[in-house]
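Single-structure report; data block below.
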Amino acid sequence: MRLPVFLVMALLISATPPARAEDDTVSSGDRAAIHEIITQQMAAFARDDGDAAFAFASPGIQSQFASSDNFMRMVRQAYPAVYRPRSVSFGATRQVNGSTVQEVDLVGPDGNGARAFYIMERESDGRWRINGVELAASAERET
């Protein structure tokens, strides 16, 4: 299930407490695994390897797009900051309304900043997959 960006942001803002204690609900091993999945998918985007990038998506996302070509077309058009980031910085990993959400600050190819909320899904085999990404504009600008 993909949560709308306004809902994700509202849930993150209302999460208590606002300090780092919220991060402790996700183990350091899970955070490392989630960071690795996102990093590997971005590396696949960088080399235009649609099959590899699509493999990091959850079964629901794979079903929604049906093919790596459809998936890559959508990412190129709707998520340029994810597809070709100039910079990437991982933020908090939180439990939000039963979902694990990884915050990632990006600077897109146009120099505009964005905050990506990666909705993660743990599969039955224990591996993490990306179950959606919501973007919010950021005031950050790189020239």
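Name the single residue, out of those in segment 111-143 being among the basic types (Lys, Arg) and either at pLDDT 95 or above or touching a Phe, Trp or Tyr at 6+ places or on another chain (Cβ under 7 Å) (or both), that is surrounded by the fewest Cβ atoms within 10 Å (Cβ to Cβ).
For segment 111-143, the residue satisfying everything is 127.
Starting from residues that are in contact with a strand residue (DSSP E or B) (Cβ under 9 Å, 6 or more places away or on another chain) and either touching a residue at least 24 places away in the same chain (Cβ under 8 Å) or of a type in the set (Lys, Arg) (or both), keep the ones in segment 55-74 and report whichever is surrounded by the fewest Cβ atoms within 10 Å (Cβ to Cβ).
59
On the phi < 0 side of the Ramachandran plot, exposed (fewer than 15 other Cβ atoms within 10 Å of the Cβ) and touching a residue at least 24 places away in the same chain (Cβ under 8 Å), is that true of residue 87?
Yes.
Go through 52, 32, 44, 19 for me and flag whichever is at pLDDT 95 or above, exposed (fewer than 14 other Cβ atoms within 10 Å of the Cβ) and among the hydrophobic types (A, V, I, L, M, F, W, C).
Step by step, each of 52, 32, 44, 19 is checked, and only 32 is at pLDDT 95 or above, exposed (fewer than 14 other Cβ atoms within 10 Å of the Cβ) and among the hydrophobic types (A, V, I, L, M, F, W, C).
The values are calculated or read from the model by the stated rules, or taken from the named source; none is laboratory data. On a predicted model such as this, the values are computed, not experimentally measured, just so you know. All Cβ positions, even for glycine, are placed from backbone atoms using ideal geometry, and neighbour counts span all protein chains on display.
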